[in-house]
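The values are calculated or read from the model by the stated rules, or taken from the named source; none is laboratory data. Since the structure is predicted, the reported quantities are computational estimates derived from the model, not experimental observations. Positions of Cβ are generated from backbone atoms using ideal geometry, with glycine treated the same way; all protein chains shown enter the neighbour counts. Quick note on the areas: whole protein, heavy atoms, side chains included, nothing else; ligands and nucleic acids left out. Shrake-Rupley method; radii C 1.70, N 1.55, O 1.52, S 1.80 Å.
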Amino acid sequence: MAAKAARPGRTLTGFFVGLAIAYGLVALTGTWKPELGLDLQGGTSIRLIAEGSPTADSLEEARKIIDQRVNGSGVAEAEVTVQGNRFIVVEIPGSSRADLEETVKRQAQLRFRLVACIDDGTTCGTGGIPNIDLGTDPGTGVVVPSDGAEEPSDVSSGGANRAPVAFEDESPSADPSQAPADTASDTASEAPTDDASDQPTDAGTGLPVAEEPTAPPEGGPGVDDPLTWIDNPNPEAVEAYNNFSCAPDGSPANVVDDPTKPLVTCGTGRFTGVKYLLSASMIEGTELSSAEAAIPQGQVNYVVALDFDGSGTKTFAEISRSLVGTEKQFAIVLDGQVLSAPTMEGLITDGNAQISGDFTQASAESLATSLKFGALPIAFDDKGTTVETIGPSLAGNQLSAGLLAGGVGLGLVMIYCLLYYRGLGTVIIASLFVAGASTYAMVLLLSETANFTLTLPGIAGLIVAVGITADSFIVYFERIRDEMRDGKSMRVAVEAGWVRARATCVAADSVSLLAAVVLYIFAAGVVKGFAFALGLSTIIDLVVFFWFTKPMVSYLARFKFFNSGHKLSGLDAEVLGIDKIVKDAGSDRVAVGGRA
């Protein structure tokens, strides 16, 4: 017993050192307020309207993909729900996340095709040779527009462990002033104006009717061999290409992207307005093993690194062998639009490649996230998409109400513990404050390191855990009282009661923790926040119970106020009912603390 008597102080010291370290880490992050969810701080609500009449299964699949995309972008506690039979609503906490609109609704259908024709508005002759003179720089593989202005290379060396080629992404964020001369600008000026008055309207509503997507041309008998087909595309495909015009306002081409047929479409970014005739698809986005935004070793700009699976690697190696050393181009097509059309300067056989260009961290991560989590099974009406900013006033009221409810509940628990356990009640109050301090430190650290966002259900989970914590104290204290009723001194009762109470409390907390884990795995949206907060509080309850409450009671057992059975200690004879027990037994009265 003497050895055990020396341990409480050491345990308490170690616990408070650990708590101090936690707050030291919080101080290093410089953040003393947790990240709050949409219901507590406001945020952005994106409402998407599906085109046509999608099935319930398609809507649910789209919801899951969007949920993965948004939360995969580092936005925790974003809630994605299906409303009705056409609507998907994305609620994102934070100041303003309208930038995620493109990530949310992007189809992310990635395909690799070969370029048969590319020009700035002139016709395409047979044989796949553009009528315009683009010219090339054989030393760098740079495609030079007809006016002689040199464009940035579509091919650059990869990182130390990457492929020897990178795909230049002409991203929508590129500076329009850098558009190649006689491409997007000339096309825009020569294309017919898109006068709303000339658009067909619905007789019932009077609203403009959306144009039907341009059907893909037939590829002829050689369409299944793209490497040969691009040298001599069939007349039907060439005619479709010559008759096609890109939108003058730079909006995406409304085309049907059939992987088995050629594709006539437009470029994006600084090649907006440039049309392409492309072969049938050779590699599908489903053949990607991974897509990650990264900065290659020795470089300063973001790229999207791609890794293909076995079949994709084999096909890409075939493309590389056929195109390397030539001026033939292959196109990276995302959602029917050409992201980039580079030449091949190096032989690639390991299935590793990069999409590079004018990426910011946000745009690179957005593209990588969309590619990683796949294409949506439905399309959304761009005109029907709404982005709304939710103000923090209502959210602030909810936060105040939640904190008030939690404070009132915690106060009632403390008052009850003081009235029932008296001196021992101070241990409960101290344990609750310590548990609260530990929880707050963990919430701050998780907000900074794991993007944990505190929502109203999360606060509910923390409040529910107060009851779990109080139950642990009650079980332990009642076991101490039982041992003292048997005539043991407080010091002995504290240790004997701990052995029995420990197993009970661990079993109860294990059930609560298991429930939180199951709920977190199978729940969606903010319910995950409730489950996470409940699990976190349960773990903290065990830590406080083992390394604060028990050693604190052991430490207090040394003081006469408690071990002599003072009336305000909560362990006096009257409270324990020893007088009544002894009298009923017909024996002499045993004082509290006797019969050690």
* Computed E for Leu568/Phe87 - FRET, C-beta separation, R0 56 angstrom, nearest 0.05 -> 0.35
* Asked: Considering only the other residues whose Cβ falls under 15 Å of the Cβ of Val26, what net charge follows from Lys and Arg at +1 and Asp and Glu at -1?
  -> -1
* Asked: At a probe size of 1.4 Å, how large is the accessible area of Lys275, to the nearest 10 Å²?
  -> 10
* **Carbon/sulfur fraction of accessible area - the stretch 470-535, other protein chains in place, 1.4 Å, %** => 69
* Mean Cβ count within 10 Å, highest first, over the residues of peptides 257-267, 423-433 -> 257-267, 423-433
* Asked: How do Leu445, Leu403 stack up against each other in accessible area, from largest to smallest, with a 1.4 angstrom probe?
  -> Leu403, Leu445
* How much length is gained if the chain between Ser510 and Glu60 is pulled fully straight, taking 0.36 nm per residue apart and subtracting their Cα-Cα distance, in nm to one decimal? -> 158.7 nm
* Compute the length gained on full extension between Tyr420 and Glu292: take 0.36 nm times their separation in residues and subtract their Cα-Cα distance, giving the result in nm to one decimal. => 40.2 nm
* Asked: Given a 1.4 Å probe, how much area per residue of the stretch 394-541 is accessible, in Å²?
  -> 43
* **Of all accessible heavy-atom area on the stretch 398-456, the percent that carbon and sulfur account for (1.4 Å)** => 76
* Structure fact -> Note, the stretch 452-457: 3J(HN,Hα) by Karplus (6.51, -1.76, 1.60, θ = phi - 60°), whole Hz, Gly/Pro = x, goes 5, 10, 8, 10, 4, x
* Any idea how far apart Thr228 and Ile21 come out in nm if each label point goes 7 Å out from Cα toward Cβ? -> 6.9
* Quick one: what are the phi-derived ³J(HN,Hα) couplings along the stretch 488-498, Karplus 6.51/-1.76/1.60 with θ = phi - 60°, whole Hz, x for glycine and proline? => 7, 6, 4, 4, 6, 5, 4, 6, 5, x, 5
* Asked: Roughly how many percent of the accessible protein surface of the stretch 242-375 is carbon and sulfur, given a 1.4 Å probe and a whole-percent answer?
  -> 49
* Asked: Using θ = phi - 60° and the Karplus curve 6.51 cos²θ - 1.76 cosθ + 1.60, what whole-Hz ³J(HN,Hα) does each residue of the stretch 466-474 get, with Gly and Pro shown as x?
  -> 4, x, 5, 5, 5, 4, 4, 5, 4
* To do: May I ask which of Lys33/Lys528; Lys275/Lys383; Lys314/Lys383; Lys328/Lys372; Lys261/Lys314; Lys314/Lys528 have a Cα-Cα span longer than 30 Å here?
  => Lys314/Lys383; Lys314/Lys528
* Probe 1.4 Å, accessible area per residue of the stretch 230-371, Å² -> 37
* Structure fact -> Per the rule of 0.36 nm per residue minus the C-alpha distance, extending Ser400 to Asn451 adds in nm 16.1 nm
* Structure fact -> If the label point sits 7 Å along Cα→Cβ of Asp382, residues of the stretch 249-265 with amide N under 14 Å come out as 249-256
